[in-house]
Amino acid sequence: MLLTGRIPKHAGIIMDGNGRWAESRGLPRVEGHRRGVERTKEVVEVAAELGLKVLTLYAFSTENWLRPNSEVTTLMKLLELYLKRELGNLVKNNVVFKTIGDIWRLPEDIQKVIRETEEKTSLNKGMILVAAWSYSGRNEILRAVKKVLCAGIKPEDLTEEIFSSYLDTAALPSPDLIIRTGGEMRISNFLIWQGAYSELYFTDTLWPDFTKDEFLFAIQDYQRRERRFGAISLKADAP
Ligand code: IPE
Ligand code: IPE
Ligand code: MG
């Protein structure tokens, strides 16, 4: 056991800072993305070992499609490589792989690798690793609204629970903790519905420098938080 105390059921990570990591070393941005993938492998292993039920990694937003073609193509290739190379480890670590986002926008061959990885890990019983890829919260919500309308659900029947079941994250718990590396203090369209009561943790560390210890440090910080969900502190009532 790496840590005692409350472990978040679901943690999300906005993996930011790859480009700056590379630029500060005079390297092309894509080199930062390559290094970022190495970090991803380590964090996935630690999260599974800690006993998280779900780890969601924000790796490519719908807005990231606006980046130069060469960067987008490299990011797609890196996803494909990661999945092909890591499948064995995902199976070994009992991890279930899923994606959220507008996956249909990806090149057909990458969609195929994603589907295969999802299928080959679907019977695993351990942590669910969710890749948010071509994902944004607003896009997800809009697609969910369209599905709700197509399903003919009457306004008076629509509840938060029913609406949630039309999101890409249906059946997943809301994130308890959202970590953002890279120094920016914003959510950048990540899990905006599901993160309504997430604890937020920001660090200046750039994603390629985000070690296992930094991850454990973030979890320890989370363990000190008091989550009230709009109610009053239990401590306030203490004599
Ligand atoms: C995060 O790193 C990875 C993606 C968004 C794809 P960035 O590429 O945004 O790195 P910075 O923020 O420019 O340093
Ligand atoms: C957020 O990073 C998205 C991902 C990490 C995938 P960005 O670099 O795209 O976000 P902004 O542009 O700084 O808000
Ligand atoms: Mg960035």
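Points worth noting:
- Exactly one residue among Lys112, Lys120 is in contact (Cβ under 8 Å) with a residue 24 or more places away in the chain and either buried (at least 16 other Cβ atoms within 10 Å of the Cβ) or over 20 Å from Leu177 (Cα atoms) (or both), and that residue is Lys120.
- Filter result for the condition that a residue is surrounded by 21 or more Cβ atoms within 10 Å (Cβ to Cβ) and part of a loop (DSSP other than H, G, I, E, B), over Leu191, Leu172: Leu191
- For Leu129: the one exception among (1) touching a helix residue (DSSP H, G or I) at 6+ places or on another chain (Cβ under 9 Å); (2) more than 19 Å from Pro173 (Cβ to Cβ): (2)
- Screening Val46 on (1) away from ligand 1 (no atom under 16 Å from the Cβ); (2) of a type outside the set (Asp, Glu); (3) surrounded by fewer than 17 Cβ atoms within 10 Å (Cβ to Cβ) shows it passes everything except condition (3).
- Residue count for the stretch 14-43, restricted to those that are more than 11 Å from ligand 1 (Cβ to nearest atom) and touching a strand residue (DSSP E or B) at 6+ places or on another chain (Cβ under 9 Å): 1
- Subset of the stretch 49-74 [more than 17 Å from Asp168 (Cβ to Cβ), open to solvent by less than 20 Å² (accessible area, probe 1.4 Å) and within 16 Å of ligand 3 (Cβ to nearest atom)]: Glu71, Val72
- Candidate set from the stretch 1-26 (those that are crowded, with 19+ Cβ neighbours inside 10 Å and hydrophobic (A, V, I, L, M, F, W, C)); member that is farthest from ligand 2 (Cβ to nearest atom): Ile7
The values are calculated or read from the model by the stated rules, or taken from the named source; none is laboratory data. Every value quoted in this text rests on a predicted model; they were computed, and no experiment measured them. Ideal geometry is used to build each Cβ from the backbone, glycine not excepted, and the neighbour counts take in all protein chains shown. Calculation scope for accessible area: heavy atoms of the full protein, side chains included, ligands and nucleic acids excluded. Shrake-Rupley method; radii C 1.70, N 1.55, O 1.52, S 1.80 Å.
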